[in-house]
Structure formats: structure tokens, C-alpha cells
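The structure appears below as C-alpha cells.
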Amino acid sequence: MISTEKLFVNSRLQYYFHKWFGFGPFLEKLPASTYKSILEIGSGVGFTTRMIRVKYPVANIVATDFDEDSIRIAQKNNRLHSTTFMQADATKLPFSDNEFDAAFSVLTLHHIDQFEKAISELVRVVKSGGDIYIMDLSARLNFRKELTPGVFMKTDLLQIGEKYGLKMKDKGGMYLFSVQGSKL
Ligand SMILES: C[S@@+](CC[C@H](N)C(=O)[O-])C[C@H]1O[C@@H](n2cnc3c(N)ncnc32)[C@H](O)[C@@H]1O
């Protein structure tokens, strides 16, 4: 991620973007659930993690990011909440198979060149019957490949999810879109 983007995504602007337009309204529409364990990849400075915590107050939440600085800030931003933050590469997750009931990836996969590998890792660590929620930006936005290496369309993501054994659901949006994959 280039430094100007990092500055934006780690700022209050990103927090309010998510609260009003991005992840907040998406999360609000999800039904209350009995998820006991939740993984987030690409948690950044923990804005999206905090929203997940508020939605699922009793779940064990593990939030991961490649960037150690972001993890440190996320820990501070979430010090009042019992969430575990750890450095991890989404393409090589340090978890056992079938460890989580649900997983989230918010605005992260388009930063990952091997985003398909990251999807396969999410499928591996989520239990059968569990859910994977992905919100991301579409390749329709014509990103420059060097800035956002993992560019894809929503239709690509729906197909890739099916390929890895997920039952995919389009959850709406075009430029900023979301999908749900349920592991069979
Ligand atoms: C745009 S930020 C999204 C942060 C947060 N989810 C949000 O929406 O505010 C993308 C995050 O993905 C992380 N990231 C990029 N490549 C990664 C990888 N291979 N594994 C884990 N995290 C990665 C970056 O460090 C960055 O914090």
C-alpha cells in the first residue's frame, strides 16, 4: 500500500467512511448469529474490527494484518475490547483447518497479488457451515496494477469462491461490493 493511501485508511476519515457508507451499513444488515470464533484478515488499524466486536460481543475475535505498525495501532484503538490482534500474511494463515465459525476481509484482497491463495486460506480455516464475508473494490475502478495488485470483478470473486467449495451470495454493490461465501 502506498504511503498516501496508508495515511487515509488509518485516519478518522476511513473510520467515518466505514461507519456511514462502507462496512457499517453492510454489517448492520447481517443477522445476529451465534458465531463463537471470528477471524478478520487485513484488519488495518482496527476500525472494521471494532465494528465486528460491537456486532458480535461474545465471540472470540482474532484480527490479523501483514503490517506490524497497523497491528500495534489496532491494539491501542481496541484496548477496551477483548480482541486478539496478530501479524499474519493472509496467504499463509497461521491457523489450523476449520478453526473459525466466520471470517471477514474488508478492502483487503485488492492489495494482495495472490488474492486467490488468500481466499483458499480463508476457506481452509473456516469450519463447514461457516461464513466468509468479503467487501472489496471492483476492478471497474481501473486501479493501476502496481498500486493494487489483486484487482478483480465481483463476478470473478463469485466464481473463485464456488471453485473453492463455497456457496456464494451476492450481497450487493458494484464499485464497492460485498459477497458472502458459506462453506458447505
Ligand atoms: C485498505 S486496508 C483495510 C483495513 C481495514 N480492513 C479497513 O477497511 O479499514 C488493507 C489492509 O490490508 C493489509 N494487507 C495487505 N496485504 C496483506 C496480506 N498479504 N496479508 C494480510 N494483510 C494484508 C494492509 O496492511 C492493510 O492494513
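Throughout, read-outs are computed from the coordinates displayed, never taken from laboratory work. In this text, all values refer to a predicted model and were calculated from it rather than measured experimentally. Don't worry about glycine lacking a Cβ; one is built from the backbone with ideal geometry, like all the others, and counts go over all protein chains shown.
By how many nm would the segment from Ser96 to Arg140 lengthen if fully extended, with 0.36 nm per residue of separation less the alpha-carbon distance? Show your work: numbers first, answer last.
Details: separation 44, 0.36 × 44 = 15.84 nm, distance 3.51 nm.
Stretched out fully, the Ser96 to Arg140 stretch lengthens by 12.3 nm.
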Taking a threshold of 23 Å on the Cα-Cα distance, which of the pairs Lys6/Lys55; Lys117/Lys163; Lys29/Lys76; Lys92/Lys169; Lys76/Lys117; Lys76/Lys154 fall above it?
-> Lys6/Lys55; Lys29/Lys76; Lys92/Lys169; Lys76/Lys117; Lys76/Lys154
Evaluated over region 81-184, the Cα radius of gyration and Dmax, each in Å | 13.3, 39
Within region 113-130, the residues whose backbone N lies under 13 Å from a label point placed 7 Å from the Cα of Met86 along the Cα-to-Cβ direction are none
Under a Gaussian network model of the chain whose springs join Cα atoms within less than 10 Å, the largest fluctuation of Ala32, Ala63, Ala139 belongs to Ala32
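How large is the dipole of the chain about the Cα centre if only Lys and Arg carry +1 and Asp and Glu carry -1, each at its Cβ, rounded to the nearest 20 debye?
The calculated dipole for the chain is roughly 520 debye.
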For Ser3, Ser70, Ser43, what's the fewest-to-most ordering of other Cβ within 10 Å of each Cβ?
-> Ser3, Ser70, Ser43
When the chain is treated as a Gaussian network with springs between alpha carbons less than 10 Å apart, the largest mean-square fluctuation among Phe85, Phe17, Phe100 is found at Phe17
Mind telling me which of Val54, Val106, Val62 comes out most flexible in a GNM of the chain, alpha-carbon contacts under 10 Å?
-> Val54
